[in-house]
Ligand code: KIV
């Protein structure tokens with residue numbers, strides 16, 4: 001009897017994601033660990049190891065304090081746990097803004113040490129030179145414009161962008177600048193719907209929306225937010241799960257059973 005050789009699973013590539021502009025919508029979620037990433041991997045086109053992990057996993061107030069080694073550690077875990085989705089790792093604040101050379105050194109470190117397929121960095125026109133420098137040297141870059149959390153201190157918090165129509169040309173200019181510089185996709189975060197629509201219609205690369213309406217080529221959410229682990233998720237999050245309640249119910253049942261002696265039972269004992 002002959003057995004059919006199983007087809008090797010291939011990861012989605014940067015050009016495949018870029019080619020989805022205006023076509024099949026791009027599905028994405030964040031993930032920070034191997035076990036959640038393995039589930040997300042079955043359904044998402046790309047997985048972002050976002051620096052939001054500083055707030056979600058490590059209790060930080062903003063993403064500003066996230067160090068490189070943390071991104072690399074979580075990036076490695078996600079790559080290990082997945083085989084299908086493109087894995088994109090965030091460049092943390094302070095690792096790329098100073099100069100294109102510095103950005104290349106740190107992007108190369110992230111790619112070598114995590115084996116991810118691309119990096120993401122925040123900023124529009126001001127980062128265009130750096131994006132061009134990186135993409136010319138083999139580093140695929142996803143850009144991130146609109147509400148850029150690493151600039152939350154400058155923006156005065158996590159504020160929706162584009163409420164004032166006078167600011168639209170600035171945001172559209174940012175999108176154009178990163179697209180022309182060579183970014184293969186751009187995350188558009190926290191912008192009003194008509195601005196998101198204009199950005200998507202203007203640029204030739206896929207827009208990935210988060211709090212930016214359905215007028216984007218794809219969507220991304222923070223996994224823990226959509227699973228119901230965040231007690232106060234932002235307005236743009238649709239909560240699909242009830243993980244906080246499930247965890248609490250389970251932990252409370254375990255605590256009761258340990259205290260009463262109902263756990264462990266015969267089933268959990270080695271004879
Ligand atoms: O860090 C992150 O999780 C992100 C997403 C919110 C896009 O940048």
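Taken together, the values in this text are just the output of simple stated rules run on the coordinates, not laboratory data. On a predicted model such as this, the values are computed, not experimentally measured, just so you know. No Cβ is skipped: glycine too gets one built from the backbone with ideal geometry, and neighbour counts run over all protein chains shown.
Laid out as a table, the results:
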quantity	calculated
Diffusion constant of the chain at 10 °C, which comes from Stokes-Einstein with the Kirkwood Cα-pair radius and 1.306 mPa s, µm²/s	81 µm²/s
Among 113, 248, 24: highest mean-square fluctuation, GNM of the chain, C-alpha pairs under 10 Å	248
Highest-first arrangement of 46-59, 192-205, 258-271, where packing means the average Cβ count within 10 Å	46-59, 192-205, 258-271
Residue 266 paired with residue 201, simple spin-label distance in nm, labels 7 Å along Cα-to-beta-carbon	7.2 nm
Residue 180-residue 101 FRET efficiency (beta carbon distance; Förster radius 22 Å; 0.05 resolution)	0.55
For segment 20-159: rounded, prolate or oblate by the Cα gyration tensor [a/c cutoff 1.5]	rounded
Contact order relative to length of segment 14-240, as percent, for alpha carbon pairs under 8 angstrom and 6 or more apart	19 percent
Computed E for residue 6/residue 108 - FRET, C-beta separation, R0 35 angstrom, nearest 0.05	0.55
GNM top mover of 243, 121, 223 - the chain, alpha-carbon springs below 10 Å	243
Computed [θ] at 222 nm, helices only, for the chain once each DSSP H run of length n ≥ 4 contributes -39500 (n - 2.57)	-11000 deg cm²/dmol
DSSP-defined beta bridges in the chain - what % are antiparallel, rounded to 5	5 percent
GNM result for the chain, Cα springs below 10 Å: residue of 166, 225, 217 fluctuating most strongly	166
